[in-house]
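The values are calculated or read from the model by the stated rules, or taken from the named source; none is laboratory data. These numbers were taken from a predicted model, which means no experiment stands behind them. Backbone-built Cβ (ideal geometry, glycine too); neighbour counts: all protein chains shown.
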Amino acid sequence: MQIYISGQYFSKENAAVSVFDHGFLYGDGIFEGMRAYSGKVFRHREHLQRLWESARSIFLQIPLTPEEMENAVNETLRVNGLKDAYIRLIVTRGAGTLGLDADLCKNPQVIIIADKLSLYPREFYEKGLEIVTASTTRTNPGMLSPQVKSLNYLNNIMAKIEGHLVGSVEVLLLNSKGEVAEASGDNIFIWKRGVLHTPPSDAGILEGITRRVVLEIAAELGIKTKEAAMTRHDIYTADECFLTGSAAELIPVVKLDGRPIGGGKPGTLTKKLLARFQEETLK
Ligand code: PMP
(Lines give C-alpha, C1' and ligand atoms only; values in the text may rest on other atoms or scores of the structure.)
Protein backbone atom coordinates (compact mmCIF):
# COMPACT_ATOMS: atom_id res chain seq x y z
CA MET A 1 0.00 0.00 0.00
CA GLN A 2 1.29 3.44 -0.97
CA ILE A 3 0.09 6.39 1.10
CA TYR A 4 0.19 9.94 -0.19
CA ILE A 5 1.58 12.49 2.25
CA SER A 6 1.95 16.03 0.96
CA GLY A 7 3.15 15.13 -2.51
CA GLN A 8 5.14 11.97 -1.77
CA TYR A 9 4.27 8.31 -1.45
CA PHE A 10 5.22 6.16 1.53
CA SER A 11 4.70 2.53 2.38
CA LYS A 12 2.22 1.81 5.17
CA GLU A 13 5.11 1.18 7.58
CA ASN A 14 6.83 4.46 6.75
CA ALA A 15 3.82 6.75 6.42
CA ALA A 16 3.96 9.13 9.38
CA VAL A 17 3.28 12.67 10.55
CA SER A 18 5.08 14.58 13.28
CA VAL A 19 4.02 13.98 16.88
CA PHE A 20 3.86 17.80 17.03
CA ASP A 21 1.18 17.82 14.33
CA HIS A 22 -1.90 19.49 15.79
CA GLY A 23 -3.97 16.84 14.09
CA PHE A 24 -2.31 14.32 16.37
CA LEU A 25 -2.08 16.53 19.46
CA TYR A 26 -5.55 18.07 19.33
CA GLY A 27 -7.62 16.50 16.57
CA ASP A 28 -6.98 19.79 14.74
CA GLY A 29 -7.74 18.91 11.15
CA ILE A 30 -10.42 17.62 8.83
CA PHE A 31 -11.18 14.59 6.73
CA GLU A 32 -13.39 13.03 4.08
CA GLY A 33 -14.38 9.42 3.48
CA MET A 34 -15.13 8.66 -0.15
CA ARG A 35 -15.54 5.66 -2.39
CA ALA A 36 -14.33 4.77 -5.82
CA TYR A 37 -16.45 2.48 -7.99
CA SER A 38 -14.87 1.02 -11.12
CA GLY A 39 -12.04 3.52 -10.93
CA LYS A 40 -14.21 6.62 -10.47
CA VAL A 41 -14.61 8.48 -7.20
CA PHE A 42 -18.31 8.80 -6.43
CA ARG A 43 -19.41 12.44 -6.08
CA HIS A 44 -15.77 13.47 -5.92
CA ARG A 45 -16.42 17.22 -6.32
CA GLU A 46 -19.09 17.19 -3.61
CA HIS A 47 -16.72 15.57 -1.14
CA LEU A 48 -14.03 18.11 -2.01
CA GLN A 49 -16.50 20.93 -1.59
CA ARG A 50 -17.40 19.66 1.88
CA LEU A 51 -13.68 19.35 2.71
CA TRP A 52 -13.08 22.94 1.64
CA GLU A 53 -16.09 24.13 3.65
CA SER A 54 -14.80 22.30 6.74
CA ALA A 55 -11.41 23.97 6.17
CA ARG A 56 -12.87 27.46 5.83
CA SER A 57 -14.88 26.97 8.96
CA ILE A 58 -11.79 26.14 11.04
CA PHE A 59 -9.37 28.66 9.43
CA LEU A 60 -7.39 25.90 7.77
CA GLN A 61 -5.64 26.67 4.51
CA ILE A 62 -5.53 23.55 2.32
CA PRO A 63 -2.18 23.69 0.51
CA LEU A 64 -3.62 22.40 -2.80
CA THR A 65 -6.29 23.60 -5.19
CA PRO A 66 -9.41 21.40 -5.46
CA GLU A 67 -8.19 20.31 -8.93
CA GLU A 68 -4.78 19.33 -7.54
CA MET A 69 -6.50 17.42 -4.74
CA GLU A 70 -8.77 15.62 -7.21
CA ASN A 71 -5.70 14.62 -9.25
CA ALA A 72 -3.82 13.49 -6.13
CA VAL A 73 -6.75 11.26 -5.10
CA ASN A 74 -7.01 9.74 -8.58
CA GLU A 75 -3.26 9.21 -8.69
CA THR A 76 -3.28 7.50 -5.29
CA LEU A 77 -5.87 5.06 -6.63
CA ARG A 78 -3.74 4.44 -9.71
CA VAL A 79 -0.51 4.00 -7.74
CA ASN A 80 -2.26 1.41 -5.57
CA GLY A 81 -3.91 -0.32 -8.53
CA LEU A 82 -7.34 0.13 -6.95
CA LYS A 83 -10.60 0.51 -8.83
CA ASP A 84 -13.06 -0.15 -6.02
CA ALA A 85 -11.85 1.40 -2.82
CA TYR A 86 -12.53 3.43 0.26
CA ILE A 87 -10.52 6.64 0.29
CA ARG A 88 -9.63 8.58 3.40
CA LEU A 89 -8.56 12.14 2.73
CA ILE A 90 -7.07 14.00 5.69
CA VAL A 91 -5.80 17.54 6.11
CA THR A 92 -4.08 18.26 9.41
CA ARG A 93 -3.07 21.68 10.76
CA GLY A 94 0.55 20.50 10.60
CA ALA A 95 3.36 20.55 13.15
CA GLY A 96 3.38 23.33 15.70
CA THR A 97 4.40 23.48 19.33
CA LEU A 98 2.81 21.82 22.33
CA GLY A 99 0.68 24.95 22.74
CA LEU A 100 -2.70 25.55 21.11
CA ASP A 101 -1.52 28.34 18.83
CA ALA A 102 -2.60 27.36 15.33
CA ASP A 103 -0.61 30.26 13.81
CA LEU A 104 2.56 28.35 14.63
CA CYS A 105 1.48 25.44 12.40
CA LYS A 106 2.90 26.53 9.07
CA ASN A 107 2.68 23.31 7.06
CA PRO A 108 -0.72 21.67 6.87
CA GLN A 109 -0.34 18.04 5.83
CA VAL A 110 -2.44 16.32 3.18
CA ILE A 111 -2.78 12.57 3.56
CA ILE A 112 -4.58 10.22 1.19
CA ILE A 113 -5.11 6.58 2.06
CA ALA A 114 -6.87 4.30 -0.39
CA ASP A 115 -7.74 0.83 0.76
CA LYS A 116 -10.00 -2.10 -0.01
CA LEU A 117 -13.38 -1.73 1.59
CA SER A 118 -14.18 -2.99 5.03
CA LEU A 119 -17.93 -2.73 4.98
CA TYR A 120 -20.45 -4.15 7.36
CA PRO A 121 -20.67 -7.91 6.81
CA ARG A 122 -23.19 -8.96 4.17
CA GLU A 123 -25.50 -10.55 6.73
CA PHE A 124 -26.16 -7.10 8.25
CA TYR A 125 -27.59 -5.97 4.91
CA GLU A 126 -29.71 -9.09 4.71
CA LYS A 127 -30.92 -9.12 8.32
CA GLY A 128 -30.70 -5.42 9.18
CA LEU A 129 -29.03 -3.71 12.14
CA GLU A 130 -30.33 -3.71 15.68
CA ILE A 131 -29.25 -0.44 17.22
CA VAL A 132 -29.66 1.42 20.50
CA THR A 133 -29.71 5.08 21.49
CA ALA A 134 -26.46 6.30 23.03
CA SER A 135 -26.52 8.52 26.10
CA THR A 136 -23.74 10.57 24.48
CA THR A 137 -25.45 13.30 22.46
CA ARG A 138 -24.29 14.74 19.13
CA THR A 139 -22.06 17.80 19.49
CA ASN A 140 -24.15 20.92 19.80
CA PRO A 141 -23.99 23.07 16.61
CA GLY A 142 -23.25 26.02 18.92
CA MET A 143 -19.96 24.30 19.74
CA LEU A 144 -17.94 22.92 16.87
CA SER A 145 -20.48 22.54 14.09
CA PRO A 146 -21.26 18.91 13.20
CA GLN A 147 -20.93 20.11 9.59
CA VAL A 148 -17.18 20.31 10.13
CA LYS A 149 -15.87 16.83 9.46
CA SER A 150 -13.09 17.33 11.97
CA LEU A 151 -10.46 14.88 13.15
CA ASN A 152 -12.05 15.01 16.59
CA TYR A 153 -14.59 12.20 16.49
CA LEU A 154 -14.27 11.35 20.15
CA ASN A 155 -17.92 12.12 20.79
CA ASN A 156 -18.99 9.69 18.09
CA ILE A 157 -16.48 7.12 19.31
CA MET A 158 -17.86 7.35 22.86
CA ALA A 159 -21.35 6.77 21.49
CA LYS A 160 -20.19 3.78 19.45
CA ILE A 161 -18.46 2.25 22.48
CA GLU A 162 -21.77 2.51 24.34
CA GLY A 163 -23.35 0.49 21.55
CA HIS A 164 -20.62 -2.14 21.63
CA LEU A 165 -21.08 -2.54 25.40
CA VAL A 166 -24.58 -3.82 24.73
CA GLY A 167 -23.79 -5.75 21.55
CA SER A 168 -24.89 -3.12 18.97
CA VAL A 169 -22.56 -2.32 16.10
CA GLU A 170 -24.13 1.09 15.52
CA VAL A 171 -25.92 3.63 17.70
CA LEU A 172 -28.37 6.47 17.40
CA LEU A 173 -27.28 9.89 18.68
CA LEU A 174 -29.82 12.48 19.73
CA ASN A 175 -29.17 16.20 19.78
CA SER A 176 -29.25 18.29 22.96
CA LYS A 177 -33.01 18.86 22.45
CA GLY A 178 -33.62 15.12 22.50
CA GLU A 179 -34.40 14.98 18.79
CA VAL A 180 -32.96 12.35 16.48
CA ALA A 181 -29.69 13.49 14.93
CA GLU A 182 -27.82 10.63 13.24
CA ALA A 183 -25.82 7.46 13.82
CA SER A 184 -22.14 7.58 14.86
CA GLY A 185 -20.94 7.63 11.25
CA ASP A 186 -24.11 7.59 9.15
CA ASN A 187 -27.28 9.59 8.56
CA ILE A 188 -30.71 8.13 9.31
CA PHE A 189 -33.94 7.87 7.34
CA ILE A 190 -37.38 6.50 8.11
CA TRP A 191 -40.26 5.56 5.85
CA LYS A 192 -43.59 6.23 7.46
CA ARG A 193 -47.12 6.63 6.07
CA GLY A 194 -45.79 7.06 2.53
CA VAL A 195 -43.22 9.75 3.37
CA LEU A 196 -39.44 9.42 3.56
CA HIS A 197 -38.24 11.40 6.58
CA THR A 198 -34.74 12.41 7.62
CA PRO A 199 -33.56 14.90 10.24
CA PRO A 200 -32.77 18.36 8.88
CA SER A 201 -29.36 19.99 8.90
CA ASP A 202 -30.28 22.05 11.98
CA ALA A 203 -30.84 18.87 14.00
CA GLY A 204 -27.04 18.99 14.32
CA ILE A 205 -26.03 16.43 11.72
CA LEU A 206 -23.25 16.07 9.23
CA GLU A 207 -25.06 16.56 5.94
CA GLY A 208 -24.03 13.33 4.29
CA ILE A 209 -23.43 13.08 0.58
CA THR A 210 -25.13 9.68 0.51
CA ARG A 211 -28.10 11.33 2.29
CA ARG A 212 -28.19 13.94 -0.49
CA VAL A 213 -28.08 11.27 -3.21
CA VAL A 214 -30.92 9.34 -1.53
CA LEU A 215 -33.03 12.51 -1.42
CA GLU A 216 -32.29 13.08 -5.13
CA ILE A 217 -33.25 9.50 -6.00
CA ALA A 218 -36.45 9.79 -3.96
CA ALA A 219 -37.37 12.96 -5.85
CA GLU A 220 -36.73 11.19 -9.18
CA LEU A 221 -38.93 8.28 -8.12
CA GLY A 222 -41.71 10.63 -7.05
CA ILE A 223 -41.35 9.69 -3.39
CA LYS A 224 -42.45 12.38 -0.96
CA THR A 225 -39.63 13.46 1.37
CA LYS A 226 -39.57 15.53 4.52
CA GLU A 227 -36.56 17.02 6.32
CA ALA A 228 -37.99 17.87 9.72
CA ALA A 229 -37.19 17.29 13.39
CA MET A 230 -38.04 13.76 14.48
CA THR A 231 -38.09 11.92 17.78
CA ARG A 232 -37.34 8.33 18.65
CA HIS A 233 -41.09 7.71 18.77
CA ASP A 234 -41.15 8.35 15.01
CA ILE A 235 -38.52 5.65 14.52
CA TYR A 236 -40.20 3.18 16.89
CA THR A 237 -43.40 3.51 14.90
CA ALA A 238 -41.87 3.73 11.40
CA ASP A 239 -42.55 1.26 8.59
CA GLU A 240 -38.87 1.13 7.62
CA CYS A 241 -35.60 2.63 8.76
CA PHE A 242 -32.12 2.74 7.21
CA LEU A 243 -28.76 4.46 7.62
CA THR A 244 -26.74 6.10 4.85
CA GLY A 245 -23.03 6.77 4.45
CA SER A 246 -20.25 6.55 1.89
CA ALA A 247 -18.89 3.31 3.34
CA ALA A 248 -22.21 1.66 4.25
CA GLU A 249 -24.25 2.97 1.27
CA LEU A 250 -27.78 2.17 2.61
CA ILE A 251 -28.11 -0.30 5.46
CA PRO A 252 -31.42 -1.37 6.98
CA VAL A 253 -32.19 -0.88 10.68
CA VAL A 254 -34.71 -3.37 12.02
CA LYS A 255 -34.67 -2.60 15.72
CA LEU A 256 -34.14 0.48 17.87
CA ASP A 257 -33.89 0.19 21.66
CA GLY A 258 -35.48 -3.26 21.52
CA ARG A 259 -38.50 -2.12 19.44
CA PRO A 260 -38.81 -3.93 16.08
CA ILE A 261 -39.26 -1.50 13.19
CA GLY A 262 -41.85 -2.37 10.55
CA GLY A 263 -41.91 -6.13 10.40
CA GLY A 264 -38.46 -6.42 12.03
CA LYS A 265 -37.05 -7.13 8.57
CA PRO A 266 -35.35 -4.90 5.98
CA GLY A 267 -38.12 -3.03 4.16
CA THR A 268 -39.04 -3.07 0.48
CA LEU A 269 -38.40 0.61 -0.08
CA THR A 270 -34.99 0.36 1.63
CA LYS A 271 -34.02 -2.45 -0.76
CA LYS A 272 -35.32 -0.55 -3.77
CA LEU A 273 -33.43 2.62 -2.80
CA LEU A 274 -30.22 0.64 -2.19
CA ALA A 275 -30.47 -0.97 -5.63
CA ARG A 276 -31.14 2.41 -7.23
CA PHE A 277 -28.25 3.95 -5.27
CA GLN A 278 -25.88 1.23 -6.50
CA GLU A 279 -26.89 2.00 -10.08
CA GLU A 280 -26.04 5.64 -9.41
CA THR A 281 -22.53 4.74 -8.22
CA LEU A 282 -21.78 3.10 -11.58
CA LYS A 283 -22.85 6.05 -13.73
N1 PMP B 1 -22.64 11.44 9.72
C2 PMP B 1 -21.40 11.31 10.21
C3 PMP B 1 -21.13 11.72 11.61
C4 PMP B 1 -20.39 10.76 9.41
O5 PMP B 1 -19.15 10.64 9.89
C6 PMP B 1 -20.70 10.33 8.11
C7 PMP B 1 -19.67 9.64 7.26
N8 PMP B 1 -18.69 10.44 6.81
C9 PMP B 1 -22.01 10.51 7.63
C10 PMP B 1 -22.94 11.06 8.47
C11 PMP B 1 -22.38 10.11 6.23
O12 PMP B 1 -21.81 11.01 5.33
P13 PMP B 1 -21.51 10.59 3.81
O14 PMP B 1 -22.77 10.08 3.24
O15 PMP B 1 -21.07 11.86 3.18
O16 PMP B 1 -20.45 9.57 3.87
- Message: Residues that are more than 15 Å from the ligand (Cβ to nearest atom) and of a type outside the set (K, R), at least 1 per element: which strands (runs of 3 or more DSSP E) completely within the range 135-196 meet that?
- Response: 187-192
- Query: Tell me, which residue of the range 200-226 that is under 17 Å from R138 (Cβ atoms) and part of a helix (DSSP H, G or I) is nearest to the ligand (Cβ to nearest atom)?
  - Reply: R211
- Residue check: is S18 among the polar types (S, T, N, Q), closer than 27 Å to G142 by Cα and modelled with pLDDT of 95 or more? no
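Looking at the range 267-279, can you tell me whether even one residue there is away from the ligand (no atom under 13 Å from the Cβ), basic (K, R) and in contact with a Gly (Cβ under 9 Å, 6 or more places away or on another chain)?
Within the range 267-279, the first condition is being away from the ligand (no atom under 13 Å from the Cβ), and the residues that meet it are 267-276, 278-279.
If we keep only those that are basic (K, R) too, we end up with 271-272, 276.
Now restrict to residues that are in contact with a Gly (Cβ under 9 Å, 6 or more places away or on another chain): none.
No.
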- Answer yes if at least one residue in the range 44-56 is loosely packed, with under 15 Cβ neighbours inside 10 Å and more than 16 Å from the ligand (Cβ to nearest atom), and no otherwise. yes
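Look at R78 and say whether it is over 22 Å from the mean Cα position of the chain (by Cα) and either of a type outside the set (A, V, I, L, M) or under 18 Å from Y153 (Cβ atoms) (or both). Give the derivation first.
On the way: over 22 Å from the mean Cα position of the chain (by Cα): yes; either of a type outside the set (A, V, I, L, M) or under 18 Å from Y153 (Cβ atoms) (or both): yes.
When the stated conditions are applied, R78 passes them.
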- Here, strands (runs of 3 or more DSSP E) confined to the range 1-62 with at least 2 residues that are of a type in the set (S, T, N, Q) are 8-11
- Return a yes/no flag: does the range 248-257 have any residue that is within 13 Å of the ligand (Cβ to nearest atom), over 17 Å from R138 (Cα atoms), within 20 Å of the chain's Cα centre (by Cα) and assigned to a loop (DSSP other than H, G, I, E, B). yes
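Per-residue answers, yes or no, for (1) assigned by TED's automatic domain parsing to the domain that holds G258; (2) at pLDDT 95 or above; (3) within 18 Å of the chain's Cα centre (by Cα):
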site: S135; (1), (2), (3): yes, yes, no
site: R138; (1), (2), (3): yes, yes, yes
site: G142; (1), (2), (3): yes, no, no
site: Y153; (1), (2), (3): yes, yes, yes
site: A159; (1), (2), (3): yes, yes, yes
site: L174; (1), (2), (3): yes, yes, yes
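Quick check on this structure: which one of V41, V19 is more than 13 Å from the ligand (Cβ to nearest atom) and without any contact (Cβ under 8 Å) to a residue 60 or more places away in the chain?
Values: V41 fails: more than 13 Å from the ligand (Cβ to nearest atom).
Sole residue among the options that is more than 13 Å from the ligand (Cβ to nearest atom) and without any contact (Cβ under 8 Å) to a residue 60 or more places away in the chain: V19.
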- Message: List the residue pairs whose Cβ atoms are under 7 Å apart, where the first residue sits in the range 115-127 and is without any contact (Cβ under 8 Å) to a residue 12 or more places away in the chain, the second is charged (D, E, K, R), and the two are 6 or more positions apart or on different chains.
- Response: none
- Selection status of A229, part of a helix (DSSP H, G or I) and on the phi < 0 side of the Ramachandran plot: no
